[in-house]
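One structure below.
The values are calculated or read from the model by the stated rules, or taken from the named source; none is laboratory data. Bear in mind that the values here come from a model prediction, so they are computed numbers and not experimental data. Virtual Cβ from ideal backbone geometry, glycine too; neighbours counted across all protein chains shown.
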Amino acid sequence: MKKFILSVLVIAMVFSLIGCGAKNEAPAEGESLKPITLVLDYVPNTNHTGIYVALENGYFKEEGLDVKVIQPPDEGAPLLVVSGGAEMGVDFQDLFAAALSQEEPLPLTAIGAIIQHNTSGILSLKGKGMDSPKGMEGKTYATWESPIELAIIKHVMEKDGGDFSKLNVVPYSITDTFAGLETDIDALWVYYAWDGVAAEVKGMEIDYFDFASIDPALDYYTPIFIANNNFLKDRPEDAKAMMKALKKGYEFSVEKPEEAAEILVKHVPELDKDLIVASQKYLADKYIDDATSWGYIDPERWDRFYGWLAEHELISNPIPAGFGFSNDYLEQ
């Protein structure tokens, strides 16, 4: 955590050197647009499609905004946002806990859910007996060594009657999911919209179980839009305009997934078009799902996950109920 905080100072000095992930729209003649920088959590993928649709279709410009999309630094999007290098960013509720559970929480707020339910789980090649958590006994799992990650694996195994101590855990060193599964790695934590759909596109037979269906406490928000609290305080109308434009982008992606996929590939041509189209179709009914509208964060679900983290002593300080998120910037 000390490294986390110290990195803020470094990032504050170097954020201007980070390359853009998308071309900005040029302001119309005589028109003054308000600048906003949005930092991604990772390389562009279908979690971000609504952003690129909003860029392509001029939704940001319609709201009087000049939005620049950039790639994250190695230390992650929250550090750039808290340092002032970006007004907004993309993160995950589980990772966001580190910012909120400090004695002095970082001045960040989640202001919208990109996908309504947690779509992550464990993927393995079919026939290895891992269609349920108990099947991970005696198998090898590649971990990125996050305490929250491993606690979730332990929890779902034990709920299924499995013994976590019988799981062989090795450091994650995989650059290709499916090539890794052809080695001595049996199981990986994935997001189905990407690696699960990729397996379908490749015609591979897999087993998969998701965390949210095993315990409601694990149905947390991933990914989310986060914002700098000073930005929200000083420019609330711009934050609302930003979320309005993003909502239009994601609603377009729900209604026209193939067109949305084409837009993402246009902005990021190195992406695999077949995968993007298939992934976009999968996510079309996941962005909003059972919520009243796109972006809404359910207070009960938000608090339930952070309560679970506190119960399992995975955060340094409990996160108060209702803390760290707001639906106030979403279009009513």
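Tabulated data for the structure shown
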{"read-out": "Residue within the range 106-115 that is in a helix (DSSP H, G or I), over 22 Å from residue 48 (Cβ atoms) and out of contact with any strand residue (DSSP E or B) (no Cβ under 6 Å at 6 or more places or on another chain) present", "value": "no"}
{"read-out": "Test: residue in the range 147-166 that is assigned to a helix (DSSP H, G or I) and either in contact with a Ser or Thr (Cβ under 7 Å, 6 or more places away or on another chain) or assigned by TED's automatic domain parsing to the domain that holds residue 107 (or both)", "value": "yes"}
{"read-out": "The range 71-86, residues that are more than 22 Å from residue 270 (Cβ to Cβ), part of a helix (DSSP H, G or I) and of a type in the set (A, V, I, L, M)", "value": "79, 80, 81, 82"}
{"read-out": "Positions within the range 252-265 being part of a helix (DSSP H, G or I), free of Cβ contacts under 8 Å to residues at least 60 places away in the same chain and either of a type outside the set (Val, Ile, Thr) or within 24 Å of residue 331 (Cα to Cα) (or both), in sequence order", "value": "254, 255, 257, 258, 259, 262"}
{"read-out": "Residue within the range 221-232 that is assigned to a loop (DSSP other than H, G, I, E, B), of a type in the set (Ser, Thr, Tyr) and within 19 Å of the chain's Cα centre (by Cα) present", "value": "yes"}
{"read-out": "Set 68, 134: member being outside any helix (DSSP H, G or I), modelled with pLDDT of 95 or more and surrounded by fewer than 22 Cβ atoms within 10 Å (Cβ to Cβ)", "value": "68"}
{"read-out": "Candidate set: the range 290-332, residues that are among the β-branched types (Val, Ile, Thr) and touching a residue at least 40 places away in the same chain (Cβ under 8 Å); chosen: the one surrounded by the fewest Cβ atoms within 10 Å (Cβ to Cβ)", "value": "315"}
{"read-out": "Only listed residue being closer than 24 Å to residue 166 by Cα and free of Cβ contacts under 8 Å to residues at least 12 places away in the same chain, chosen from 183, 177", "value": "183"}
{"read-out": "Subset of the range 29-54 (residues that are in a loop (DSSP other than H, G, I, E, B), over 20 Å from the mean Cα position of the chain (by Cα) and modelled with pLDDT of 95 or more)", "value": "33"}
{"read-out": "Condition met for residue 287 (assigned by TED's automatic domain parsing to the domain that holds residue 94, of a type in the set (Ser, Thr, Tyr), surrounded by 16 or more Cβ atoms within 10 Å (Cβ to Cβ) and not in a helix (DSSP H, G or I))", "value": "yes"}
{"read-out": "Residues satisfying the stated conditions in the range 213-249, i.e. under 30 Å from residue 131 (Cβ atoms) and either of a type in the set (A, V, I, L, M) or in contact with a Cys (Cβ under 6 Å, 6 or more places away or on another chain) (or both)", "value": "214, 217, 218, 224"}
{"read-out": "Options 87, 63: the member that is modelled with pLDDT of 95 or more, within 19 Å of the chain's Cα centre (by Cα) and either within 25 Å of residue 249 (Cβ to Cβ) or β-branched (Val, Ile, Thr) (or both)", "value": "87"}
